[in-house]
Amino acid sequence: MLTYRMRIRYLRYTLLTAILAAVIYLASGHGARSFEAYCPFGGAESLWGLFTNNEFSCTLAPLNLSLMLALLALAVLAKKAFCGWSCPIGFLGELLGHAGGLIWRGRPAVPPLLNGRLKALRYVVLALALFFTYKTGELVLRGYDPYFLVFSGFGHGSSGLLSVIVLTLTALGALAVPMMFCRYLCPMGAVFDPFSRLGFIRLRRDKEKCTACGKCAAACPCDIPVDRLETVSHYDCTNCLECVDACPEKDVFQLRCAGLAQPLPKYIVAALAVLALTGGYFLRTAFTQPTATASFSGKAAAKTVFIVDGLKCKGTAGFFTSMYKDIPGIGGIETYASEHKAVFTYDPDIITRDRIRAVMETPVEFKDGTSEQVFKSRSMK
Ligand code: SF4
Ligand code: SF4
Ligand code: SF4
């Protein structure tokens, strides 16, 4: 029979598995957007490009920004609930942490002082990631980003053997220290920190009912000493409720929201996480910007939209539009790299849609004398 405490873990793992499956589906080439568009840290990386040039850098897209804003709002409400309930990398890290506990019985915890010091590393990673992205307009740390490496399968932008070494060490580290990447290295975790400190929804432990067995603290993937806290206000708390699951006593924990007298149902965190992801998805239209635009002398009498394989970042978008600079009849082109979309305005008396398609599918000649078809139309309407 399902017990109450099993249902919380099952609900969380069901949600995380669904999200992991969705990212794998996107990363295998399905869906309208790249899996990278669903990374909230891309929102932080996009800010400088938007501020200085009013455009998204590299493969970044409105969805990165809208998701980040929605998830920061979630952090103000429910701390790092995204990490506990929706992040595929956090989920993989957690599973590796469980596997590590099975392999290495009696695995020691990181001493609290060292644990606290190492957490400062995530601010260093955040500063480096933002500095280099803002300086170059490229996602230069992509080759060391587990989200990109895992789901792209060491795709374009990874750094060969170095990326393999970094990801292997990250995975081994997750076996030895639960949530190692999240604790010490994730820049998104660092972005969440000040918002999570506010986090209105917190666990409260009833001291009278507690028997001081310590099982809650042992179960916490973030090494928070839950058994010694009356209210879990720690900024690393993800509201994953693993401590609640682990507690053998009845009704020791309550989820409380500042300003509300009544305790909240445990499932509220899951509902808020889903709401934030959904809200972030729909909010993207407020930030929609083309990746690259070009205006030509042709009359803009008709419009056609192509979904183009190979149109995937700022660089390819710029190259794509340049292919039309000497083609008569094109009025303008707007490209949206994250959606692999190109919108043409054109003069149908001079050029047809089939001719527009033929131009994009023309093999490109490289300096070494080889040629390759870079773009392929997946659909046109
Ligand atoms: S800390 Fe980073 S990787 Fe870990 S769960 Fe949160 S966002 Fe995901
Ligand atoms: S304190 Fe509880 S809810 Fe917070 S991270 Fe630890 S186990 Fe999860
Ligand atoms: S698991 Fe429950 S009873 Fe044991 S220390 Fe934690 S809150 Fe107290």
Next on the checklist: Let me spell it out: the conditions are (1) among the polar types (S, T, N, Q); (2) crowded, with 20+ Cβ neighbours inside 10 Å; (3) in the same structural domain as Leu50 (by TED's automatic domain parsing), and Ser338 meets all of them except one. Which number is the exception?
Outcome noted: (3)
Checklist outcome for this item: Selection over region 311-322 where residues are surrounded by fewer than 18 Cβ atoms within 10 Å (Cβ to Cβ) and either closer than 13 Å to Thr362 by Cβ or touching a strand residue (DSSP E or B) at 6+ places or on another chain (Cβ under 6 Å) (or both) yields a count of 3
Next on the checklist: Looking at Gly173, Gly116, Gly155, can you tell me which residue is within 16 Å of ligand 2 (Cβ to nearest atom) and free of Cβ contacts under 8 Å to residues at least 24 places away in the same chain?
Outcome noted: Gly116
Checklist outcome for this item: Within region 154-178, residues being at positive phi and surrounded by 13 or more Cβ atoms within 10 Å (Cβ to Cβ) number 2
Checklist entry - Which pairs have Cβ atoms under 8 Å, sit 6 or more apart or on different chains, and link a residue in region 248-269 that is under 19 Å from Ala219 (Cβ atoms) and touching a residue at least 24 places away in the same chain (Cβ under 8 Å) to one that is of a type in the set (Gly, Ala, Ser) and surrounded by 13 or more Cβ atoms within 10 Å (Cβ to Cβ)? => result Val269/Ala78; Val269/Ala81; Val269/Gly84
Checklist entry - Among the residues of region 8-16, is there at least one that is in contact with a Leu (Cβ under 8 Å, 6 or more places away or on another chain), surrounded by fewer than 24 Cβ atoms within 10 Å (Cβ to Cβ) and free of Cβ contacts under 8 Å to residues at least 12 places away in the same chain? => result yes
Item to check | Tabulated pairs, region 227-242, first free of Cβ contacts under 8 Å to residues at least 40 places away in the same chain and under 13 Å from Cys83 (Cβ atoms), second part of a loop (DSSP other than H, G, I, E, B) and away from ligand 3 (no atom under 11 Å from the Cβ), C-beta under 6 angstrom, 6+ apart or interchain | outcome: His234/Ile224
Item to check | Filter result for Leu77 (touching a strand residue (DSSP E or B) at 6+ places or on another chain (Cβ under 7 Å) and at pLDDT 90 or above) | outcome: yes
Item to check | Positions within region 34-61 being buried (at least 19 other Cβ atoms within 10 Å of the Cβ) and among the acidic types (Asp, Glu), in sequence order | outcome: Glu36, Glu45
Checklist entry - With Gly84, Gly137, Gly101 as the choices, which residue is at positive phi and either aliphatic (A, V, I, L, M) or away from ligand 3 (no atom under 16 Å from the Cβ) (or both)? => result Gly137
Checklist entry - Out of (1) in contact with a helix residue (DSSP H, G or I) (Cβ under 9 Å, 6 or more places away or on another chain); (2) part of a helix (DSSP H, G or I), what's the single condition that is false for Cys210? => result (2)
Checklist outcome for this item: Of those in region 186-203 that are among the aromatic types (Phe, Trp, Tyr) and in a helix (DSSP H, G or I), the residue farthest from the chain's Cα centre (by Cα) is Phe195
Item to check | Selection status of Thr168, out of contact with any strand residue (DSSP E or B) (no Cβ under 8 Å at 6 or more places or on another chain) and without any contact (Cβ under 8 Å) to a residue 24 or more places away in the chain | outcome: yes
Checklist entry - Among (1) closer than 23 Å to Ala70 by Cα; (2) within 16 Å of ligand 1 (Cβ to nearest atom), which single condition is Cys220 missing? => result (1)
Checklist entry - In region 197-213, how many residues are within 13 Å of ligand 2 (Cβ to nearest atom) and either more than 19 Å from Ala258 (Cβ to Cβ) or in contact with a Gly (Cβ under 7 Å, 6 or more places away or on another chain) (or both)? => result 0
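The values are calculated or read from the model by the stated rules, or taken from the named source; none is laboratory data. This one's a predicted model, so the numbers in the text were calculated from it and none came from an experiment. Neighbour counts are summed over all protein chains in view; Cβ atoms, including those assigned to glycine, are modelled from backbone coordinates with ideal geometry.
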